[in-house]
Amino acid sequence: MANTSESSGAGQVMPTAVGQVSATLSAPGGGGAGGRRNDLGFSGAKPGRHSQDKIFHAAAVGCGALILVALGAVVLFLLLRAWPIFAGPQAKTSAVFASLSGGKAHGFWQYVGPLVFGTVVIAALALAIAFFVAVGVALFITFYARKSVRTVLNYVVDLLAAIPSVIYGLWGALVLVPAMYPFWNWVSVHLGWIPLFAGPAANPPRTVASAAVILAIMIMPIITSMTRDIFAATPQLNQEAALALGATKWEMIKLTALPFAKSGMVSASMLALGRALGETMAVMMVLSPGMTYSWHWLQASKSQTIAANIAAQYPEADSLGVSALIATGLVLFVITFVVNLLARRITRKGGTR
Amino acid sequence: MHSTTCKRLIAVVSSFAMMAALSACGDNTPADTTGATTGKNSGISGEFHGAGASSQQGAVEAWIATYQSKNRNAKIAYNPSGSGAGVSTFLTGATAWAGTDAPLNDQQIEQSKAICKSGTAFDVPVYVSPIAVMFNLKGVSGQGKHLNMDAAVIARIFDGKITEWNDEAIKSENPKVNLPATPITVVHRSDKSGTTNNFTSYLKAAAPNDWSYEPQENWPNEVGQAAKGTDGVVSSIGQADGTIGYADLAKAGNFGTASVKVGADYVAPAADAAAKTVNASPLRPMPKGSKRVVVNVDYATSVAGDYPIVSSSYAVACPAYKDAKTGAFVRDWLGYVLSDGGQKVASDNTGSAALGGALTQKALKSVNTIQAK
């Protein structure tokens, strides 16, 4: 059954709805399927069914609306609570930023700039580390692993994805960070001529590089489990066709699985990037914070992320300080929003290709 | 199927165990000894709240435990929300007293008129503890081990001027120690902290030529690494070879500590040496408010046996409360806190320095003027 529906979708990129075997023969674009769907589940309608349908309809609409209400409430909250720091008298707000940053910043943009920089750099670095490993793991699970190994790996990946971030943070801060020093030291000695790895490597390495590694370990299972499912849905016929044309296994993956999964891989990465951008506890526990625009990833006290900064400063902040922190939260919200928007753009382009 | 039954069984058993543990938690009222203590009961009753400096937390908790065992009807709670937050809460009238690492400023004295029945709030020192310069250096550090350092060397290390452990400046003060060529990693606080304020005050006072920054709660330079809270600093020091930082002596654990040069000798950090410094320090003249006892810690002391890096923490109270019952409580409570017994309880529990002598007499004099009727 599954085999027929997959093979029928061979001409298309996305697998289409089950039950349209005949439609695909005449309509390669898949346009004929729409009209058929309505009469799928409603053949034996009884009078009672209609009221049930209405209730379900209302519930579904309510749930959908609730999402919008929640989002609106969050935006409203951020704007209202952040407002005093933008509207307040210049002298007062600049004193707030000076006290939050230890005298290094006096205005909002001066304060939030390095934080944005740190947030984006650490999250992007984490994604760069995690992406290739995660896709490798997913390819191994789907195409190379024996069934017994595959089952175990699937289980482990799902388990990793479910571990709370504070556990990763504790493990990272107490075990991984001190253990990584020899490696970072080696990197700074041998690759120190690249400015990114300029030494001396901080010891203990509570640095951007270490924080990115921990975040990468955290987001890897997310990318793996999503891309794994997409690879598994690669049309069997395409794979067989590639092999029949004399392709090796790697060429088969390159020709069929990777193009098929492209947009899915992008959206998985963006979801993971979203988590990395907002990650708080792990970063706070691992990173030695600083407020600069430095690219020296192996040196301590260079960067800080928005989320970790809010968590670290909140307990000691007064009312105007809190609204300054919430304003930085608003900036994080905008960044995440933009990332999602971009992901959507890219996915849509990939889908209609 | 079998495994799910097994899991359910485990779940049921563990939830019972948790319930048992929780109910045990709720049942910790001490054994009843009313017969023995009725004579001593001072008639203080009711619920009282304080808030403020987290540095005092351990001591205040010990005081509460012993105080409540003598005054069965008093229920006291302390919220370690931080000095600034604690004083703000006190100035709204929500708490009976506040704990703070920094003395009140003029504006706060002015604001206190609104919540005190008469007069303005005052502060008295209740908790003093030594701050240790602690380090982790393979082959050199260890529990109870010290390196000799004068203020100039400490200032230059924490300002990034001395970067290796076998620097001539450190070697010349420790001729008998075999110092390795390990790089020095400075660890300081990333958050605002009274400890940072005290430590930078010491550096500024004792080594003005090598420390150019003003005393402040935020760490002033970009040297080394930053960590959140005392525990963050201590755990960072423990993670690498060659680290050095500053924190409450009670947290020194297995690290080595610096014996600081005072006069001609080196003094190891100790509670009684810190108390000696504070007790001998002059009072700060306070232009605003009355009854205030604020110590101008003599960080640059040269008296033999004084340990100069100390943190002093204060209690804030009103001379008269709108609610007489609260006034009676605060007078009795702070009287107990400043008594020899109270200071000993704090010292036994947190390793703080027991105050005494003329300074405590002055503080008690202020406390005893609180109106209880």
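The numbers here are math on the coordinates, done by the rules we state, and not lab data. This structure is a prediction, so every number in the text was calculated from the model and none was measured. All Cβ positions, even for glycine, are placed from backbone atoms using ideal geometry, and neighbour counts span all protein chains on display.
What ³J(HN,Hα) values, in whole Hz, does the Karplus curve 6.51 cos²θ - 1.76 cosθ + 1.60 give for region A:295-301 when θ = phi - 60°, with x put for Gly and Pro?
9, 7, 6, 9, 9, 7, 6
Please compute, for peptide A:175-185, the average count of beta-carbon atoms on other protein chains lying within 10 Å of each residue's beta-carbon. Could the numbers behind the result be given before it?
Values: counts 1, 0, 4, 6, 1, 0, 3, 0, 0, 0, 0.
Mean inter-chain Cβ contacts per residue within 10 Å come to 1.
From other protein chains only, count the Cβ atoms within 10 Å of every residue's Cβ in B:219-230, then give the mean.
5
For an R0 of 45 angstrom, estimate the FRET efficiency from the Cβ-Cβ distance between B:Q68 and B:V303 and round to the nearest 0.05.
Efficiency for this residue pair is about 0.70.
Over the Cα atoms of region A:172-280, how large are the radius of gyration and the largest Cα-Cα distance (Dmax), in Å?
Over region A:172-280's Cα set, Rg and Dmax evaluate to 19.4, 55 Å.
Calculate the spin-label point distance for A:F333 paired with A:A311, positioning each point 7 Å from the Cα along the beta-carbon direction, and give it in nanometres.
Result: 2.0 nm between the two label points.
Between rounded, prolate and oblate, where does region B:255-373 land on the alpha carbon gyration tensor, with a ≥ b ≥ c its root eigenvalues, rounded for a/c under 1.5, else prolate if a/b exceeds b/c?
prolate
Using Cα centres only, tell me the gap between region A:193-242 and region A:65-100 in whole Å.
Computed from Cα coordinates, the inter-centre distance equals 34 Å.
Which FRET efficiency value, to the nearest 0.05, is calculated for B:K113 and A:L68 with the Förster distance at 56 angstrom and r the Cβ-Cβ distance?
Approximately 0.65, to the nearest 0.05.
Can you tell me how chain B classifies by the Cα gyration tensor, rounded, prolate or oblate, using a/c under 1.5 as the rounded cut?
Oblate.
Would you please calculate the Kirkwood hydrodynamic radius of the protein assembly as shown over all C-alpha pairs and express it in Å, rounded to one decimal?
One over the average 1/r among Cα pairs gives 30.4 Å for the protein assembly as shown.
Could you check the spin-label model distance between B:A94 and B:N221? Points 7 Å from the Cα along Cα→Cβ, value in nm.
Roughly 4.0 nm, to one decimal.
So what is the diffusion coefficient of region B:182-258 in µm² per second by Stokes-Einstein at 4 °C and 1.567 mPa s, using a Kirkwood Rh over Cα pairs?
Reported coefficient: 101 µm²/s.
Given the DSSP H assignment, sum -39500 (n - 2.57) over each helix run of at least 4 residues in chain B and divide by its residue total; what's the result at 222 nm in deg cm²/dmol, nearest 500?
Values: 13 runs with 141 residues, N = 373.
Calculated mean residue ellipticity at 222 nm is -11500 deg cm²/dmol.
Enter the mean projected area of the convex hull around the alpha-carbon atoms of region B:158-304, in nm², rounded to one decimal.
10.1 nm²
Taking the highest mean first, how do the peptides A:217-229, B:72-84 order by number of other beta carbon atoms within 10 angstrom per residue?
A:217-229, B:72-84
For A:R348 and A:A128, what is the calculated FRET efficiency with R₀ set at 22 Å and r taken between the beta-carbons, to the nearest 0.05?
Here the calculated transfer efficiency is 0.40.
When a/c reaches 1.5 or more, the comparison of a/b and b/c decides; with that in mind, is region A:62-165 rounded, prolate or oblate per its Cα gyration tensor?
Oblate.
Within region B:187-290, report the trypsin sites (Lys or Arg not before Pro) that DSSP leaves as loop and that have at most 14 other Cβ atoms within 10 Å.
Loop-located and lightly packed - B:K288.
Roughly speaking, what is the stretch gain from A:W295 to A:L174, that is 0.36 nm per residue apart minus the C-alpha to C-alpha distance, in nm to one decimal?
Here the answer is 41.1 nm.
Compute the Rg/Rh shape ratio of region A:239-353: radius of gyration over Kirkwood radius, all on alpha-carbon atoms.
The Rg/Rh ratio comes out at 1.20.
How long are the semi-axes of the ellipsoid equivalent to region B:70-124, from square roots of 5 times the Cα gyration tensor eigenvalues, in whole Å, largest first?
Over the Cα atoms of region B:70-124, the ellipsoid semi-axes are 21, 14, 10 Å.
Rg to Rh for region B:48-188: what is it, with Cα atoms only and Rh by Kirkwood? Numbers along the way, then the final one.
Values: Rg = 22.1 Å, Rh = 18.8 Å.
Ratio of gyration radius to Kirkwood radius for region B:48-188: 1.18.
For a quick check of your reading of the filter: which chymotrypsin sites (Phe, Trp or Tyr not before Pro) in region A:187-257 sit in a DSSP loop and have no more than 11 other Cβ atoms within 10 Å?
Taking region A:187-257 and a limit of 11 other Cβ atoms within 10 Å, the loop chymotrypsin sites (Phe, Trp or Tyr not before Pro) found are A:W193.
What distance in nm separates the simple spin-label points at B:D231 and A:H190, each placed 7 Å from Cα in the Cβ direction?
The modelled label-to-label distance comes out at 3.8 nm.
Let me test this: with uniform point scatterers at the alpha carbons of region B:217-297, what is the Debye-based log₁₀ I(q)/I(0) at q = 0.13 1/Å?
-0.63
How shielded is A:199-211 by partner chains, expressed as the average number of their Cβ atoms within 10 Å of its Cβ atoms?
So the per-residue partner count for this stretch is 3.
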